[in-house]
1. Calculate, for region 51-108, the solvent-accessible area per residue in square angstrom, rolling a 1.4 angstrom probe over the heavy atoms of the protein chains.
2. Carbon and sulfur atoms: what percent of the 1.4 Å accessible area of region 1-134 do they account for?
3. With 21 Å as the cut-off, how large is the P(r) tail for the chain, expressed as percent of Cα-Cα pairs?
4. Using the Cα centre as the reference, give the magnitude of the dipole from point charges on the C-beta atoms of the chain (Lys, Arg: +1; Asp, Glu: -1; all else neutral), rounded to the nearest 20 debye.
5. What is the distance, in nm, between label points placed 7 Å from the Cα along the Cα-to-Cβ direction at Val148 and at Lys21?
6. Given a 1.4 Å probe and the protein chains all in place, what does the accessible area of Trp127 round to, in Å² to the nearest 10?
7. For region 13-130, what Kirkwood radius comes out of the mean inverse Cα-Cα distance, in Å?
8. Could you compute the FRET efficiency for Glu179 and Lys121, with r as their C-beta to C-beta distance and R0 at 35 Å, rounded to 0.05?
Amino acid sequence: MPDHAIPLWEIPSLPVAGGGKRFPVRRIYCVGRNYAEHAREMGHDPDREPPFFFTKAPDAIFTGKELPYPVETADVHPECEMIVALAKGGKNIPVAQALDCVFGYGVGFDVTRRDMQSVAKDLRRPWSLSKDFDDAAPCSELHPASKVGHVSRGTLRFTVNGEVRQESGLDKMIWSVPETISFLSGLITLLPGDVIMTGTPAGVSAVVKGDTLVGHVDGLTDLTLKIV
Ligand code: MN
């Protein structure tokens with residue numbers, strides 16, 4: 001071990017369902033516009049655009065029950081997404097081998113400061129900090145693929161105070177999980193501990209303090225949070 005100049009911090013991690021282990025999070029990659037109806041609601045043509053990615057720091061992981069309303073925004077959109085955690089990585093991973101890299105699946109919110117993002121887009125500036133900030137990646141516990149299999153069908157649903165805001169079949173993803181892993185591994189070398197947020201369906205909208213959010217994917221543990 002090198003002699004570090006400041007104390008090492010704890011590696012951000014996610015609970016694994018059953019057994020008490022933690023999954024250490026190395027990096028977080030998010031897919032943009034991976035559902036056609038969401039691409040349309042954001043003003044884009046889903047048919048002509050290849051996948052694109054942005055990142056969140058692993059420290060954005062949040063596993064508490066009460067999510068503080070983010071600073072420097074008045075328009076917070078928690079995008080409900082299925083997340084995929086990788087046990088193995090690689091470069092140029094073929095689609096047919098991509099699922100061999102998957103450790104497991106969970107539910108996450110890609111929390112977005114939409115007003116800050118809109119300003120950045122208008123000014124042609126990077127919108128990193130509209131997506132990557134304190135507690136911007138709340139996630140549920142992970143379910144290992146070895147226990148629940150690979151998740152490619154079923155329903156994703158996001159409710160606020162019991163009212164459905166987002167609902168879609170996972171089969172509506174433009175780029176499937178194996179295609180996403182394969183494509184991303186052509187851009188960067190994927191590594192064990194990497195987490196992918198797989199994109200959100202239509203219906204993104206603002207939440208306010210006091211709201212109770214529930215992110216659901218069939219077969220996985222709900223992600224339930226209160227905004228405080
Ligand atoms: Mn998203």
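The values are calculated or read from the model by the stated rules, or taken from the named source; none is laboratory data. What you are looking at is a predicted structure, and each value in this text was computed from that prediction instead of being measured. In this analysis, Cβ positions are derived from the backbone assuming ideal geometry, glycine residues included, and neighbour counts consider all displayed protein chains. The protein model used for the area step is the full one, side chains on, heavy atoms only, and it has no ligands, DNA or RNA in it. Shrake-Rupley method; radii C 1.70, N 1.55, O 1.52, S 1.80 Å.
1. Accessible area per residue: 42 Å².
2. Values: 4010 of 7390 Å².
Carbon and sulfur: 54 percent of the exposed surface of region 1-134.
3. Here the tail beyond 21 Å accounts for 54 percent of pairs.
4. Approximately 340 debye in magnitude.
5. Label at Val148, label at Lys21, 1.6 nm between them.
6. That residue has around 60 Å² of solvent-accessible surface.
7. After inverting the mean inverse Cα-Cα distance, the result is 16.5 Å.
8. Taking R0 as 35 Å, the efficiency between Glu179 and Lys121 is 0.85.
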